[in-house]
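What follows is calculated from the coordinates using simple rules that are stated; it is not laboratory data. Owing to the predicted nature of the structure, the values given are computational and were not obtained by experimental measurement. Heads up, the Cβs are rebuilt from the backbone with ideal geometry, glycines too, and the neighbour counts pull from every protein chain shown.
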């Protein structure tokens, strides 16, 4: 019940904030379209980062093909909205346009996520039994193969790109899904299933020895993670209303990895932080263009040398909030080794 | 039949390039268990080094000696770059978690690519012709002088490398380090020095590949390392990452398959071939063709 | 009916024969010790039983079922649990969480119930929590409950490994050098603990140990390996006086 109340409150808050930012609520209150776009891209990045962290940070698997699943979500949802958009809208033709659009968005996102999740299953089942480095390579390869296939499918524009999707996504929807992603991943991680994933990360052989079906757990988290990336892709497509295969290269996958590493693998708060930081830095330093990337990559190397656990390491925000309360309790008695 | 032989020759030529680059990947993985993502970019730097060096030679006639000097110069330059990268980027994180190493390598790669775009300019440059050109017709198969050079130089370098690894003390030390770094250290081997030499060798070979490609396909650009680097990496994995003859085998196989597919099927899936092979290998025989299956000790 | 039965189990790694035609029979509730010089193949036997390695040849039957070729997770769920020679705890997780992971093993962790926090999820969590805390109490680890496993002192980590294995509710517990690194007092406490666990939970315990006091003091049957092959099986008294055993261990001195 508490969760339901919180969810409704969140939706209401988002609604208000979204209205304020876009100027649709109060005429004189709004932010520049550029700024709004940055915020929206940040929101999409949050979904990507948090979902990737589920498999990389919490389950400890090296996946660097996230962009591929994002691409699947983006292209599938776009194809659907372009081809069947009117028909889907027609189903609720009696409702106001906003509701029609919402339904369309949810429908295409759902199918996009399903396809991305299915791809995650197909990729995950054979690959997740490979050792760390090899899994990284395979996921990288799959990501590239998906991209090459998309380039060669004319029905989705191929190398020319794909346009014509309705602009169904906006600040409200993006951040609603971002909040949803954070909530779902937080729930997963805090559950017994989440404990299983972390155990796999810590020591897969020991986890297996303690009765965990490690393959099943890894595949499941991979599928969930991929499906979420698919949602991000769908939102991306219906926000920018133009897609090009070059948006989904392994560079994109690397960017998401950088986000979660900066924030701290194994920390959901960290992923959110990393996503926001990353887009802030790249946009904020955009004017410096080439220098920006040079400085950025150098900083990344330095970060790995100096503080590989990122900003938050394994900790979440609540650890900092909780620490103040726990300071009043006596420390556990020291036991001689 | 002649088409087949022609494709075969083309494939061997391309494959030799992949093999030279793949050797660097495989040797570094052998000693450090690190996938050196920046290796492809070192290959690119080799091509650029060759470019600038050959411009220095401008005015003199294109000659074999000149070409050789350019190549050697590029190799030395990249060897130093390789040592530099290892010393300042990889050594500090040598003992860290695998993912940290991976990210560091990605960072170095991005750094080199973007710095190159700044320094050299993002537009492609054209390699001047270094050696005298000639075409040979053998049994209906056309062999360009560039292809001949590529194959000849590659073979010579690989033979030299093999000799080095098998017959010299340093080579033996390299093999020891690749088996067990800590044990090698305990045996009195200066592992830092061996690792530096490994990087130097791998980078030098990549530089040679860069110059050879420059001679063959005169267009070079700061991002050329991505495509070739990735495919060479697939080649190394195909042959068995960490296995030196495997890298050569893998390179030739990838090069040949790529040319065959483009020649007989279509060119649209040219880039996907390498990845397709990669995935098949990793799913069916992850240790590669010549690699040994590694069991984790419990 | 034997609880665990190995017949002619051989484990080859390339040219090296780590375990050579091993025959071993374990009855329910029995305290069985496996000893032998270093490299005799004891841990390999554990690894073969628990499915980490597939035996090159031979049969392994647990509760009358063949378990050869099954994955370790499945074997654990059948009722065989183990500890590791080199402690393999989930370092970043708390002590309580380490045990909970194992306690949960037979419940297929349902993703849906995790996300939607169904009543079934809550009751399962409660059960796991109670069971885990109980185990921590038994093993004198309750004060560490919220501490990260990697921060524990060595002796406590060893106890945690056992507690964690116990959480899978096994019928057979494999302990790989549980007394390693313990002082005599701790070793004595361990012996009491092992006996108590066997009595209280009615489970068989297969023990690999170098600490002879512990082995001879706790085990009912002792099985001696050397170079992967059996050289003697018997009561502690018989083994201690067996000339072949003395020669293998002390080199005929």
Fill in the blank from the handout: Checked segment A:32-247 with the C-alpha gyration tensor, a ≥ b ≥ c its square-rooted eigenvalues, rounded below a/c of 1.5, otherwise prolate if a/b is larger than b/c and oblate if not; verdict prolate
Handout entry: segment B:216-285 and segment C:5-34: distance between their alpha carbon centers, rounded to Å
Key = 46
Practice task
Any chance you could give the angle, 0 to 90 degrees and rounded to 10, that helix B:244-264 forms with the longest Cα principal axis of chain B?
Solution key: 40
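Among DSSP bridges having both ends in chain C, what percentage is antiparallel? Round to the nearest 5. If you can, show how the numbers build up before the last one.
Values: 20 of 36 bridges.
Antiparallel bridges: around 55 percent, rounded to the nearest 5.
What does the highest-first list of A:306-315, B:110-119 look like by mean Cβ count within 10 Å? Don't jump to the answer; show the numbers that get you there.
On the way: A:306-315: 17.2, B:110-119: 20.0.
My ranking of the peptides, most packed first, is B:110-119, A:306-315.
Given all pairs of different Cα atoms, what value in angstroms does the Kirkwood hydrodynamic radius of segment B:104-224 take? Before the final figure, lay out each step's value.
Values: mean 1/r = 0.0573 Å⁻¹.
About 17.5 Å, per the Kirkwood formula over Cα pairs.
For A:138-150, what's the mean count of beta carbons from other chains sitting within 10 Å of each residue's beta carbon?
Numbers: counts 8, 1, 7, 12, 3, 1, 6, 9, 2, 3, 8, 3, 0.
That works out to 5 on average.
Could you line up A:214, A:59 from fewest to most neighbouring Cβ atoms inside 10 Å? Present the calculation step by step, with values, prior to reporting the outcome.
Details: A:214 21, A:59 27.
Lowest count first: A:214, A:59.
Can you tell me, using C-alpha contacts under 8 Å and at least 6 residues apart, the relative contact order of segment C:141-233 as a whole percent?
Numbers: 76 pairs, mean separation 21.8, N = 93.
Averaging sequence separation for qualifying contacts and normalising by length gives 23 percent for segment C:141-233.
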Completion exercise
Expressed in angstrom and rounded, the centroid-to-centroid distance over alpha carbons for segment C:94-124 and segment A:189-206 is 11
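Quick one, what does Rg over Rh come out to for chain C if you take C-alpha atoms and the Kirkwood Rh?
The Rg/Rh ratio comes out at 0.99.
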Practice task
Rank B:20, B:212, B:282 by mean-square fluctuation in a GNM of chain B with C-alpha springs under 10 angstrom and give only the top-ranked residue.
Solution key: B:282
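Arrange A:228, C:1 by Cβ neighbour counts within 10 Å, fewest through most, would you? Don't skip to the answer; put the middle values down first.
On the way: A:228 30, C:1 8.
Exposure proxy ranking, most exposed first: C:1, A:228.
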Fill in the blank from the handout: Dividing the mean separation of Cα pairs under 8 Å (6+ apart) by the residue count of chain C yields a relative contact order in percent of 27
Completion exercise
Shielding of C:112-125 by other chains, given as the mean Cβ count within 10 Å, works out to 3
Practice task
Mind ranking C:210-222, B:219-231 by how tightly packed they are, going by the mean number of other C-beta atoms within 10 angstrom, highest first?
Solution key: B:219-231, C:210-222
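Whole-Å semi-axes of the protein assembly as shown's equivalent ellipsoid, largest first, each the root of 5 times a Cα gyration tensor eigenvalue?
Numbers: eigenvalues 498, 328, 115 Å².
Output for the protein assembly as shown: semi-axes of 50, 40, 24 Å.
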Practice task
Would you tell me the mean number of C-beta atoms belonging to other protein chains that fall within 10 Å of each C-beta in C:90-103, as a whole number?
Solution key: 5
Practice task
Please identify, among A:77, A:221, A:93, the residue showing maximal mean-square fluctuation in a Gaussian network model of chain A using a 10 angstrom Cα cutoff.
Solution key: A:93
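Could you please rank A:81, A:63, B:267, placing first whichever residue has the fewest other Cβ atoms within 10 Å of its Cβ? Kindly include the intermediate steps, with their values, before the conclusion.
Values: A:81 28, A:63 31, B:267 10.
So the residues, fewest neighbours to most, are B:267, A:81, A:63.
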Fill in the blank from the handout: Most fluctuating of A:142, A:35, A:236 in the GNM of chain A (C-alpha, under 10 Å) is A:35
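Using Cα-Cα distances under 8 Å and only pairs 6 or more residues apart, what relative contact order does chain A have, in percent?
On the way: 497 pairs, mean separation 98.7, N = 337.
For chain A, the relative contact order is 29 percent.
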Exercise for the section: Can you tell me the order of B:69-77, A:99-107 when each peptide is scored by its average per-residue count of other Cβ atoms within 10 angstrom, highest first? Expected result: B:69-77, A:99-107
Handout entry: Of all DSSP beta bridges in the protein assembly as shown, antiparallel share, percent nearest 5
Key = 65
